[in-house]
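The values are calculated or read from the model by the stated rules, or taken from the named source; none is laboratory data. Remember, predicted model here, so these are calculated numbers, not experimental data. Cβ placement follows ideal geometry from the backbone for every residue including glycine, while neighbour counts extend to all protein chains displayed. The area values use the complete protein model at the heavy-atom level, side chains included, leaving out ligands, DNA and RNA. Shrake-Rupley method; radii C 1.70, N 1.55, O 1.52, S 1.80 Å.
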Amino acid sequence: MNLLAFETATERCSVALLSDGRLLERSVLAPRRHAELALPMASELLAEAGLARAALDGIAVGRGPGAFTGVRLAISLAQGIAYALDRPVLPISTLAALAEQAPRVADRVLALLDARMGELYVAAFARGADGELALCGPERVATPEQLALPPAPRWHVVGTGWEAQSERLAAAWPHAVERVIVAEARWPEARDIALLAAPRLAHGDGVAPEQALPVYLRDKVAETQAERAAKA
């Protein structure tokens, strides 16, 4: 199986290639340079593996949530390559990919991405007996005050959201913050997009390029001048 993966929903630009069990990746923190970097990184990986694009079996992509322009870019890249090659696309949740970076001992994982405007993209996961993480409830966008820490002995938190909103989260969870273990993982990576997509591709679960759609969780890109003035 040869699978190319893109993840550009955050400030990190990440591309990975899973080729017959071998995982290659390029990942760099490069805000506003994703459009410039992603395709050259993909070409480098294919050259390193000695593969032509025609040898790809599918394209995996981080479908969001995340930065609007970054999510659109990844979807567009995946759709364009998949159309050209007549290959399926495997859309994968950015938050699910982020959660994969939690320690394997973590039974409960909370993926928090900074959504700007004082909000967070949030998803909670529980690890099953097979060791895989399963989504608990829907992904959502919310303020720290709107979030209640679900009951569990402890939660491993991954993503940029904790750093961005730690004071507000601590205030919102005054009797539960001691159950939070903050992991070092901050950014979703294409390698996890590829690893999550591979079993789905093997089972024929890919979609046609036009059916690979972004997930934003909200329609609003930025605050109005009046909203910014009110906060100030």
Close pairs (8 angstrom Cβ cut-off, 6 or more residues apart or separate chains): open to solvent by 40 Å² or more (accessible area, probe 1.4 Å) in the range 27-42, charged (D, E, K, R) and in a helix (DSSP H, G or I) anywhere:
Ser27/Arg191
Would you confirm, using the coordinates I've provided, whether Leu24 is among the hydrophobic types (A, V, I, L, M, F, W, C), part of a strand (DSSP E or B) and either surrounded by 14 or more Cβ atoms within 10 Å (Cβ to Cβ) or in contact (Cβ under 8 Å) with a residue 24 or more places away in the chain (or both)?
yes
Mind checking which residues of the range 147-179 are in contact (Cβ under 8 Å) with a residue 60 or more places away in the chain and touching a helix residue (DSSP H, G or I) at 6+ places or on another chain (Cβ under 8 Å)?
Val158, Gly159
Single unsatisfied condition, Val89 versus (1) crowded, with 21+ Cβ neighbours inside 10 Å; (2) farther than 25 Å from Leu217 by Cβ:
(2)
